[in-house]
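A quick write-up on the structure given underneath.
Please treat every number below as a calculation from the coordinates, not as lab data. Because the structure is predicted, anything quoted here is derived from the model rather than measured. Note: ideal-geometry Cβ built from the backbone for every residue, glycine included; neighbour counts use all protein chains shown.
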Amino acid sequence: MYANLFESLRKKGISINAAASVMKMPESTFRKKVNDRCFSVEEAFLIKDNLFPEADMRYLFDIVPTQVNGNECEGGKEVKR
């Protein structure tokens with residue numbers, strides 16, 4: 001999970017739905033990408049540039065080690081290991 005990104009959205013009062021709208025993706029997709037750590041590099045830059053221009057990219061996308069159902073993310077696609 002991108003815990004810092006999630007917390008930054010909360011602190012700025014940006015809903016998941018609003019962030020998903022900026023990214024032009026369904027809320028469920030955005031939420032899954034936050035939880036599964038599956039944003040592409042291009043998507044990460046769009047989030048940073050459009051929602052958090054003042055934030056450090058490394059901070060926003062610092063990975064908090066979690067494993068959900070044994071799934072990981074590789075190249076923007078979820079893979080089972």
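Data table
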quantity: Computed lengthening from Leu46 to Ala3, 0.36 nm per intervening residue step minus Cα-Cα distance; calculated: 13.7 nm
quantity: Within-14-Å neighbourhood charge of Ala19 [Cβ basis; K, R +1; D, E -1]; calculated: +4
quantity: Distance between modelled label sites at Lys11 and Asp62, nm, 7 Å Cα→Cβ extension; calculated: 1.0
